[in-house]
Amino acid sequence: MSRIGLFITCVNDALYPQTPKAVVAVLERLGYEVDFPRAQTCCGQMHANSGYRGDATRLAESFERVFGSYDAVVTPSGSCAAMARDQYPGLIGSDIGERVYELSEFLLDRAGVDDVGARFPHTVTYHPTCHGTRALGLGDKPLRLLRAVDGIELVELPEADQCCGFGGTFALKNADVSSAMLEDKCRNAAGTGAEYLAAADNSCLTHIGGGISRSGGPKPIHYAEILASTA
Amino acid sequence: MSTAFPQAAKVALGMPQLRSNLAHATGTIRAKRAKVAGELDDWEQLRSAAAAIKADVQRRMPELAVAFERNATEAGATVHWARDAAEANAIAARITREAGADEVVKVKSMATQEIELNEHFEAEGLAAWETDLAELIVQLAEDKPSHILVPAIHYNRTEIRDIFRNRMADAPKGLTDDPAALAEAARLHLRRRFLSAKVAVSGANFAVAETGSLVVVESEGNGRMCLTMPETLISVVGVEKLLPRFADLEVFMQLLPRSSTGERMNPYTSVWTGRAAGDGPKDVHIILLDNGRTEVLADEVGRQALSCIRCSACLNVCPVYERTGGHAYGHVYPGPIGAILAPQLEPGRHDDLPYASSLCGACYEVCPVKINIPEVLVHLRQQGPHQAGEKAAMGAAEAVMARPRLWRAALGAARFFSRPWRGRGFVRRLPWPGSKWTMSRDMPVPPKESFRDWWKERER
């Protein structure tokens, strides 16, 4: 049996325990054993993308030390998986990113499952987050998993492929532009009338959810939590 | 570090007419591009071919430039080399005077915008008249272009009518904002210029080394008038515009119109090779322009910016450009391509532009020559100067994150100290720099029980 390491990401470590719990629930339901190495922290993306190559290099090396011995690393973040796959070769000369899977990649490409046995009787709209969709090339993988969920009603999000305006430190350095992008995303999300807005990255959902918390609209949820639901 | 972009962006965001003009125009071109690019089965192969040809040019630039000079000279052109804007402008002004002229008509050209040829001519007592409709509008308004391909994208037709009425001496009385009427007014105005001009100035989309030919791709036909009617033609061409072979045009002529105007084919493509007896200009000059390009060439990651064919597809899909317009970038090349080109062409300036992006990657996805703009943005951020306070904060974050025990302690502290807000679930107002977040977004509060606590409990 191959060893699967769970990389929960620093954002979930700090704010969203329910998302990695959901990943564990889905993988175990499918018969996989998951390991959580406690020494994990952050993939280094914030540092790399903000221009701090030295800091990012040290965090990437630490990631490699923690996860180097696993056959597969599963993470509920398209953005962090893209960091390992796109930037680690240039940063630390490591191809560990080839073994880092965003959850939907692991389920569809490695486990070969699209129906994970979930039930979620609610209306859901899906925002394809930029790094997952473009950098990682997830395409509609998370959506394919959601379509197989029992009872779910998926509603299309207008201008879905437009960035929500998060962009890490972009949200602070260019706060006005970021807020203008967020405003449009929140308006489109609210317009769907859906109960939930699902995505593959809790960092983006923190941003969109932070806007919706003020302007009203669907409740943000990581799609892993929908896949874990059997209600 | 400069904060010019965030500040200028804020001003632009406060102009509802501008935002509506931009959203409408970029949205329209975006849809057209996606449709015609999607029609070609080999679109991805064309993109790869274009990227490979451009990479080859970058590796062999000196050799190709010399071959171009030789072949163009043999065909009767005079080739000049300009190290920078000042040299290029001085050469163009000298040729104009030697032709006995005090004015030139211009084909739309980014290179001459880059070297500010119009301003230089004006300072020397010469006049340079733009003949591209949108460039004419911008020149009449004494404004700057805000888009590479659609320089007047920030104006709607009512605003254009007002510019014509107030600034164009020969505008017809009672001019309306009907697009056909506006085009007719410009046509009559420009016709007089074409008929009297002795000298024309152009740029070029491509310079073919194998034959010494220049290529101009345009929509209106004003370029064709400039390239064929005056007796003297001066073309200012960035050295990165070189292509090795004439056959390479096959790739680029499929990519460029589709990526720029969203058309399968553009109305006018002019190709000329030196002089032709009894046809076109008698005196043909080509100014090969460096202006920082060879310095960019030295950066192995950054030099892919020199592959740009100025199609503007990246501007039209960029969520930042769509909301700020081009002026906020403070450079002749705006949008995603400008954010990687401007700081490289003018090192030490525009160091805020690589941050004018959420790294969403929409630009890379549409770029017809596959410039990995997000990669270059991150690369430039990693070269650039950092603000001291930010650098200290980032270093502190790394010091904690690189030590698992410290990291766990920090998360525990965050959970402990955020208890007062847990009931509500979010924080509405944070002190600076968190205030930059809470200006438009609530901040979630750390949970009572972390994943780590849950996992430890489970293991037991």
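Only the coordinates and a few stated rules stand behind these numbers; no lab work does. No experiment lies behind these values; they were computed from the predicted model shown. Cβ sites come from the backbone with ideal geometry, for glycine too, and all protein chains shown count toward neighbours.
Worth pointing out:
- Ranked B:F68, B:F246, B:F417, A:F170, criterion: other C-beta atoms within 10 Å, fewest first: B:F417, B:F246, A:F170, B:F68
- Helix-only [θ]222 nm of the protein assembly as shown, DSSP H runs n ≥ 4, -39500 (n - 2.57) each, per residue, nearest 500: -14000 deg cm²/dmol
- Alpha carbon convex hull of region A:4-110, projected area averaged over orientations, nm²: 6.2
- Per the Debye formula on identical point scatterers at the alpha carbon atoms of the protein assembly as shown, with no solvent, log10 I(q)/I(0) at q = 0.05, 0.07 Å⁻¹ is -0.27, -0.52.
- Toward the positive end of the charge dipole of the protein assembly as shown, with +1 on the Cβ of Lys and Arg and -1 on the Cβ of Asp and Glu, the farthest Cα among B:V199, A:T169, B:L256 is that of A:T169.
- Considering only alpha-carbon pairs that sit under 8 angstrom and 6 or more positions apart, the relative contact order computed for region A:4-110 is 29 percent.
- Shape metrics for chain A, restricted to C-alpha atoms - Rg then Dmax, Å: 17.0, 50
- For A:R3, the shell of other residues with beta-carbons less than 11 Å away shows a net charge of -2, using +1 for Lys and Arg and -1 for Asp and Glu.
- Neighbour-count ranking [beta-carbon atoms within 10 angstrom, fewest first] of B:D352, A:D95: A:D95, B:D352
- Cβ-defined net charge surrounding B:R429, 15 Å radius [Lys, Arg +1; Asp, Glu -1]: +4
- Phi angles of region B:148-154 translate, via the Karplus equation with coefficients 6.51, -1.76, 1.60 and θ = phi - 60°, into HN-Hα couplings of 5, 9, 10, x, 9, 4, 7 Hz per residue; Gly and Pro are given as x.
- Between the Cα long axis of helix B:388-401 and the first principal axis of chain B there is an angle of about 50°, rounded to the nearest 10.
- Here's how it looks for B:D352: its modeled amide H is under 5 Å from those of B:S2, which are all 5 or more places away or on a different chain.
- Other-chain or far-sequence residues with amide H under 5 Å of B:V104's (modelled H): B:A127, B:A128, B:W129
- Principal-axis tilt of helix B:16-38 within chain B, Cα atoms, nearest 10 degrees: 80
- Taking Cβ separations below 4.7 Å as the criterion for a possible disulfide partner, the isolated cysteines in chain B are B:C226, B:C308, B:C311, B:C318, B:C367.
- On full extension, the segment bounded by B:T176 and B:D102 gains 23.3 nm, given 0.36 nm per residue less the C-alpha separation.
- Gain on full extension, evaluated as 0.36 nm per residue between A:D71 and A:E33 minus their Cα-Cα distance, stands at 12.5 nm.
- Under 13 Å, Cβ to Cβ, from B:L190 - net charge with Lys/Arg +1 and Asp/Glu -1: +1
- Kirkwood-based shape ratio for region B:30-154, expressed as Rg/Rh from alpha carbons: 1.05
- Region A:5-109: trypsin sites (Lys or Arg not before Pro) falling in loop per DSSP and having at most 16 other Cβ within 10 Å: A:R38
- Relative contact order computed over chain A (Cα-Cα under 8 Å; 6+ residues apart), in percent: 21
- For the options A:L136, A:L197, A:L15, a Gaussian network treatment of chain A with springs between C-alpha atoms closer than 10 Å singles out A:L15 as fluctuating the most.
- Largest GNM mean-square fluctuation across A:G78, A:G31, A:G193, computed for chain A with C-alpha springs under 10 Å, falls on A:G31.
- Other protein chain C-beta atoms within 10 Å of residue C-beta, averaged over A:160-173: 6.
- Cleavage-rule hits (GluC sites (Glu not before Pro)) in region B:217-326: DSSP loop, at most 13 neighbouring Cβ within 10 angstrom: B:E300
- Over region B:418-459, the Kirkwood radius and the radius of gyration, each from Cα atoms, give a ratio Rg/Rh of 1.16.
- Put in order of Cβ neighbour count within 10 Å, fewest first, the listed residues A:R3, B:R193 become A:R3, B:R193.
- Look at the alpha carbon pairs under 8 Å that are at least 6 residues apart: their mean separation over the length of chain B gives a relative contact order of 21 percent.
- Note that region A:165-231, at 4 °C in a medium of 1.567 mPa s, gets a Stokes-Einstein diffusion coefficient of 105 µm²/s from its Kirkwood radius over C-alpha pairs.
- With Cα atoms, 0 to 90° folded angle of helix B:4-13 axis to chain B main axis: 90
- Kyte-Doolittle mean at least -0.5 and Cα axial length at least 15 Å: DSSP H helices in chain A: A:18-29, A:175-191, A:202-215
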